[in-house]
Amino acid sequence: MVADLHLEKGSAYAARGQMLPPYDTRETLDRLQAEIEALDPRVTVLLGDTLHDGSATTRIAPDDRERIAGLARRTTLLWITGNHDPDGPKSSSGDLAGETAVEIGLSKLVLRHEPSPDPTPGEAAGHLHPCARVKGTAGSVRRRCFVTDGQRLILPAFGAYAGGLNVRDPAFSGLFACPPLAVALGKKAHAVRWGLLAGD
Amino acid sequence: MVAKGREDADVLLVAPTGGGKTLAGFLPSLIDLAERGPRNGPKSVHTLYISPLKALAVDVERNLMTPVREMDLPIVVESRTGDTGQARKQRQRITPPDILLTTPEQLALFCAWEGARGYFEDLRCVVVDEIHAIHSSKRGDLLSLGLARLRQFAPHARFVGLSATVDDPVAVRRWLSDRGDDLVLGRPGAPPVMEVLLSENRVPWAGHTAQHAMDEVYETIKTATTTLIFVNTRWQAEFAFQELWRLNEDGLAIALHHGSLSAEQRRKVEARMAKGELRAVVCTSTLDLGIDWGAVDLVIQLAAPKGSSRLVQRIGRANHRLDEASRAILVPASRFEMLECQAAVEAVAENALDGEPIRVGALDVLAQHVMGCACSEPFDLQALYDEVRRAAPYAELSWEDWERVVDFVSTGGYALKSYDRYRRIVRGQDGLWRVRNEETARRHRMNVGAIITAQTLSLRLPGRHGSGRKIGEAEEWFFEQMTPGDTFVFGGEIWRFMGIEGTNAIVTRAADKEPKVPSWGMSKFPLSTFLASRVRRMMSDPSAWSVLPADVQEWLEAQRDHSSLPGIDDLLIETFARGNRHFMVAYPFEGRIAHSTLAMLLTRRLDRAGVGPIGYVANDYMLAIWSVKSMDGVDFDALFEQDMLGDDLEAWLDESFMMKRTFKDCALIAGLIERRMPGHEKNSRQVTFSADLIYDTLRRHDPEHLLLQCARADAARGLLDVARLGELLSRIRGRIRVQRLERVSPFAVPAMMEIGRERAPGSSAAEMMLEQAALIEEAMA
């Protein structure tokens with residue numbers, strides 16, 4: 001399960017006249033491919049905002065399009081739609097490979113893009129791009145992270161150009177029944193207690 | 001100048017400060033405008049005056065209005081700077097003044113106007129003031145491109161340049177224009193009366209404050225009407241100001257002026273100065289340029305001047321009149337500075353100046369200019385190339401680089417050609433390039449300019465909510481030299497650098513006893529190559545020592561007897577053990593920046609060689625590295641091989657923050673990142689974040705991208721002084737003399753004191769003095 005790839009964010013800026021390096025889709029797909037090759041999952045769930053905007057499919061390079069198709073041949077790519085990509089992989093300029101759903105119920109789990117406003121047991125969502133800032137004697141570091149209270153899970157953004165929102169931001173308040181745990185990404189994943197997390 | 005005006009020739013006037021340069025530059029225009037009489041046709045700018053300082057443009061407006069009013073001339077003079085109100089700017093567009101006074105940034109904006117060509121069509125004269133202060137910088141590149149543009153708009157305009165004394169007037173003349181080679185050399189003023197202060201107290205072995213001489217400085221201020229006290233850093237300025245006020249029993253009006261004071265505070269000081277209300281101003285290079293202060297009759301240079309040209313500029317601030325000798329006193333802060341000050345005084349007496357190297361124009365600046373041109377009017381690729389090459393910094397621009405820059409402006413210039421649909425500038429069916437739409441042009445105009453102000457970062461502890469308590473502030477460049485984990489001294493304590501976050505440098509208290517990186521307080525300008533070679537010559541010639549105070553002579557003799565003196569063209573290296581540490585001290589005299597780069601690269605190499613280097617210090621004269629194990633077995637010829645400028649430099653750069661910062665500046669100038677968006681100004685935290693993201697991605701996927709090349713070139717040129725280091729390494733090849741000593745040498749004492757201050761913070765002043773006395777005893781015995 002990966003969230004918030006924001007493919008073609010660079011070209012969205014370019015379309016408005018700011019020529020950011022066009023390598024973000026390539027970089028993000030490199031990462032995704034590495035994960036799929038390592039884990040060999042039967043189903044890969046894209047948890048929404050896989051594309052940065054509605055016209056991303058008109059801008060995506062043919063070889064990146066083909067790479068997505070290649071991934072879809074290895075694993076079932078399941079696109080959950082998000083606020084940035086309400087149509088999922090569907091497009092008048094040619095669909096990208098994969099299945100589409102608004103949300104999925106899976107036994108006791110609910111997989112959706114935007115977390116529901118109240119504590120929701122079994123929910124996994126993205127949308128918020130959580131980031132953890134940790135300080136200690138060893139210093140201060142800001143990393144993308146998972147956030148969970150054991151009941152629900154919010155995933156970090158996966159895309160190369162996706163920014164992050166500090167988990168101490170008010171946008172996260174009220175989502176968890178008890179102080180959640182942040183699992184910060186690094187060479188390995190590091191679980192960090194709420195009390196050790198700092199704001200920006 | 002009037003004769004050159006009648007000949008209609010472009011001309012550079014080189015004259016010492018106080019010679020009335022600015023008025024001479026305007027005189028032909030005033031005559032022309034007075035003779036022309038009132039006109040009925042549409043108004044247009046007759047003379048455009050460009051100054052590197054906003055304040056100077058406003059000052060000249062005031063000075064120029066006096067004769068115009070007194071002679072009742074029908075001439076309208078107005079200034080236009082970033083501070084000019086919108087209404088006035090609008091009016092100037094519709095009804096241009098006869099003489100318009102402005103800055104390089106405003107000229108760049110003019111160039112990006114629609115209708116710029118028509119506005120300047122009838123321009124008769126362009127006056128560029130203080131050329132010596134601007135030509136060798138990115139702002140100079142931008143100005144030079146603007147001048148080439150004006151030449152195109154107004155082929156009949158005369159270009160007039162005004163410069164203080166420079167070592168190579170011909171090169172500066174070429175920078176001004178490629179039409180003719182007319183030069184007017186002003187009569188040299190009365191030679192300045194200079195002396196080096198030989199303090200009653202002994203000359204300190206090390207330091208930058210000249211605290212030992214502060215009593216004498218204060219007494220000297222009392223003898224003058226108004227004194228300007230120049231120092232090299234903001235930190236020295238604060239220190240000297242406090243010291244002088246501590247001594248100020250007479251309550252003299254002594255003020256402070258430096259770049260990190262607020263504009264309002266600075267203006268207040270300037271106003272009081274102009275009214276003659278101040279007895280002394282402690283200032284940094286912010287007062288180097290030619291604003292007229294009237295009554296200054298004494299200039300004091302506190303700590304060594306680092307270059308003879310800068311010294312001439314500063315001395316010229318006293319008695320701003322050609323026929324009266326300027327009076328100046330140099331106050332060296334240490335023994336090496338004593339040598340440097342004597343060398344500088346001799347150089348100025350011989351009128352020998354250190355020159356700025358001729359600059360190759362930066363491509364990020366060219367990109368900004370090309371975009372500006374497109375915003376103004378459609379351009380032809382070949383025609384604009386020809387125009388750009390009339391600007392001296394771009395005279396050698398290859399067609400290939402030109403196409404790369406235009407491609408960058410249009411699509412970002414990436415190896416992956418995926419943005420061809422989103423061009424910022426497009427080539428029409430008529431073959432001309434034009435800006436895509438008005439929105440793109442508007443955004444460009446909001447971001448014009450080449451001054452990226454040096455940022456200061458707040459030193460902060462990590463906090464519970466966000467960054468914690470603020471400890472102080474320091475220049476960004478200091479942290480650019482560090483990698484996370486490095487330790488340094490600030491405010492007498494040792495700190496560990498954790499990283500940069502936005503505009504904060506996060507630090508924690510470190511338990512280390514020995515910091516790895518030296519603290520600052522040194523000049524931001526390194527010792528000039530020219531002055532360095534004069535210092536080396538002076539050292540190696542005992543007959544030149546007679547001008548030096550006895551204690552400094554004794555020191556040189558002891559160095560000669562106990563070790564040896566650095567020669568004119570060799571490199572002296574000393575090794576010795578002290579305490580439980582092994583030291584290597586080298587004396588290249590090539591300036592702090594080149595020495596810091598060298599020390600960092602040597603430390604990497606010594607680390608690989610298993611010597612276990614612990615830290616280093618570098619100043620303008622020498623560098624010292626200390627280690628756990630002995631360096632006796634080191635092959636110094638191999639250690640100083642030039643190949644260190646290859647892989648070792650690359651590897652170190654990749655780890656350093658410096659490249660990210662340099663890249664950010666290039667990306668801002670080139671317009672890849674916009675500082676200002678319509679409606680709101682991006683704060684620097686946001687800019688920092690997105691620039692880092694872009695830097696990382698580009699480095700992985702497009703390492704040869706134009707902006708990465710720009711950033712590498714800038715880092716090598718300015719922040720690392722790689723060129724100078726390269727020259728040093730080739731100069732000393734096969735000429736390294738190693739002295740393996742039993743104990744510390746007299747020349748090594750200053751470095752050891754610097755190390756001592758940083759190794760033992762918190763120890764009492766008394767203890768430190770005893771330790772230093774023991775060190776001196778050991779070296780001189």
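Key figures
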{"quantity": "Region A:61-73 - residue that is of a type in the set (A, V, I, L, M) and away from every other protein chain (no Cβ under 14 Å) and, of those, surrounded by the fewest Cβ atoms within 10 Å (Cβ to Cβ)", "calculated": "A:A69"}
{"quantity": "Sole residue being modelled with pLDDT under 90 and either assigned to a loop (DSSP other than H, G, I, E, B) or in the same structural domain as B:N619 (by TED's automatic domain parsing) (or both), chosen from B:E742, B:E758, B:E727", "calculated": "B:E758"}
{"quantity": "Counted residues, region A:168-185 - those being out of contact with any Lys or Arg (no Cβ under 6 Å at 6 or more places or on another chain) and assigned to a loop (DSSP other than H, G, I, E, B)", "calculated": "10"}
{"quantity": "Meets criteria (surrounded by fewer than 16 Cβ atoms within 10 Å (Cβ to Cβ), among the hydrophobic types (A, V, I, L, M, F, W, C) and under 18 Å from the mean Cα position of the chain (by Cα)) for A:A162", "calculated": "no"}
{"quantity": "Qualifying residue in region B:43-62 (condition: more than 21 Å from B:K21 (Cβ to Cβ), among the small types (G, A, S), in a loop (DSSP other than H, G, I, E, B) and in contact (Cβ under 8 Å) with a residue 60 or more places away in the chain)", "calculated": "yes"}
{"quantity": "Checklist (1) polar (S, T, N, Q); (2) at pLDDT 85 or above; (3) under 30 Å from A:G164 (Cα atoms) applied to B:T697, failing item", "calculated": "(2)"}
{"quantity": "Residue in region A:19-45 that is nearest to the chain's Cα centre (by Cα), counting only those that are hydroxyl-bearing (S, T, Y) and either part of a helix (DSSP H, G or I) or more than 12 Å from every other protein chain (Cβ to nearest Cβ) (or both)", "calculated": "A:T28"}
{"quantity": "Check on A:R16, surrounded by fewer than 23 Cβ atoms within 10 Å (Cβ to Cβ), within 14 Å of another protein chain (Cβ to nearest Cβ) and touching a Leu at 6+ places or on another chain (Cβ under 9 Å)", "calculated": "no"}
{"quantity": "Criterion violated by B:T81 - all others in (1) modelled with pLDDT of 90 or more; (2) out of contact with any His (no Cβ under 6 Å at 6 or more places or on another chain) satisfied", "calculated": "(1)"}
{"quantity": "Residues of region A:1-13 classified as within 14 Å of chain B (Cβ to nearest Cβ), more than 15 Å from A:P89 (Cβ to Cβ) and of a type in the set (A, V, I, L, M, F, W, C), total", "calculated": "1"}
{"quantity": "Verdict on B:R685 being surrounded by fewer than 18 Cβ atoms within 10 Å (Cβ to Cβ), modelled with pLDDT of 85 or more and of a type in the set (K, R)", "calculated": "no"}
{"quantity": "Whichever residue in region B:67-96 is without any contact (Cβ under 8 Å) to a residue 12 or more places away in the chain and outside any helix (DSSP H, G or I) and, among such residues, is surrounded by the most Cβ atoms within 10 Å (Cβ to Cβ)", "calculated": "B:T84"}
{"quantity": "Residue, surrounded by the most Cβ atoms within 10 Å (Cβ to Cβ), within region B:490-502, restricted to residues that are modelled with pLDDT of 70 or more and within 13 Å of another protein chain (Cβ to nearest Cβ)", "calculated": "B:F497"}
{"quantity": "Residue match in region B:478-489 (condition: touching a strand residue (DSSP E or B) at 6+ places or on another chain (Cβ under 8 Å), at pLDDT below 80, within 11 Å of chain A (Cβ to nearest Cβ) and on the phi < 0 side of the Ramachandran plot)", "calculated": "yes"}
{"quantity": "Any chance A:R31 is closer than 21 Å to B:Y695 by Cβ, in contact (Cβ under 8 Å) with a residue 12 or more places away in the chain and surrounded by fewer than 21 Cβ atoms within 10 Å (Cβ to Cβ)", "calculated": "yes"}
{"quantity": "Condition check for B:R608: at negative phi and modelled with pLDDT under 90", "calculated": "yes"}
{"quantity": "Residue check for B:L107: in contact (Cβ under 8 Å) with a residue 24 or more places away in the chain and closer than 19 Å to B:G146 by Cα", "calculated": "yes"}
{"quantity": "From B:S564, B:S596, residue being assigned to a loop (DSSP other than H, G, I, E, B), closer than 22 Å to B:R731 by Cα and of a type outside the set (F, W, Y)", "calculated": "B:S564"}
{"quantity": "Residue check for A:L128: under 15 Å from the mean Cα position of the chain (by Cα), away from chain B (no Cβ under 14 Å) and closer than 29 Å to B:A510 by Cβ", "calculated": "no"}
{"quantity": "Region B:413-465, subset modelled with pLDDT of 90 or more and at positive phi, residue surrounded by the most Cβ atoms within 10 Å (Cβ to Cβ)", "calculated": "B:G413"}
{"quantity": "Meets criteria (of a type outside the set (S, T, Y), assigned to a helix (DSSP H, G or I) and modelled with pLDDT of 95 or more) for B:C373", "calculated": "yes"}
{"quantity": "Qualifying residues in region A:137-167 (those that are over 22 Å from A:L47 (Cα atoms) and part of a loop (DSSP other than H, G, I, E, B)) - the one nearest to the other protein chains (Cβ to nearest Cβ)", "calculated": "A:T137"}
{"quantity": "Flag for A:D95 being surrounded by 14 or more Cβ atoms within 10 Å (Cβ to Cβ) and in a loop (DSSP other than H, G, I, E, B)", "calculated": "yes"}
{"quantity": "Selection from region B:405-423 of residues that are in a loop (DSSP other than H, G, I, E, B), more than 8 Å from chain A (Cβ to nearest Cβ) and under 14 Å from B:R436 (Cα atoms)", "calculated": "B:R423"}
{"quantity": "Test: residue in region A:46-60 that is among the hydrophobic types (A, V, I, L, M, F, W, C), within 14 Å of chain B (Cβ to nearest Cβ), surrounded by 19 or more Cβ atoms within 10 Å (Cβ to Cβ) and over 19 Å from the mean Cα position of the chain (by Cα)", "calculated": "no"}
{"quantity": "Residue that is farthest from B:R534 (Cα to Cα) [pool: residues in region B:342-370 that are at pLDDT 90 or above and touching a strand residue (DSSP E or B) at 6+ places or on another chain (Cβ under 9 Å)]", "calculated": "B:V370"}
{"quantity": "B:I573 being modelled with pLDDT of 85 or more, more than 27 Å from B:P484 (Cβ to Cβ), touching a helix residue (DSSP H, G or I) at 6+ places or on another chain (Cβ under 7 Å) and not in a loop (DSSP other than H, G, I, E, B)", "calculated": "yes"}
{"quantity": "Residues (surrounded by fewer than 21 Cβ atoms within 10 Å (Cβ to Cβ) and farther than 18 Å from B:V345 by Cα) located in region B:188-204", "calculated": "B:E200, B:N201, B:R202"}
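Residue-wise test of (1) aromatic (F, W, Y); (2) outside any helix (DSSP H, G or I); (3) on the phi < 0 side of the Ramachandran plot.
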{"site": "B:P588", "(1), (2), (3)": "no, yes, yes"}
{"site": "B:M600", "(1), (2), (3)": "no, no, yes"}
{"site": "B:R604", "(1), (2), (3)": "no, no, yes"}
{"site": "B:Y616", "(1), (2), (3)": "yes, yes, yes"}
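The values are calculated or read from the model by the stated rules, or taken from the named source; none is laboratory data. The model shown is predicted, which means the values in this text are computed figures rather than measured ones. Neighbour counts are summed over all protein chains in view; Cβ atoms, including those assigned to glycine, are modelled from backbone coordinates with ideal geometry.
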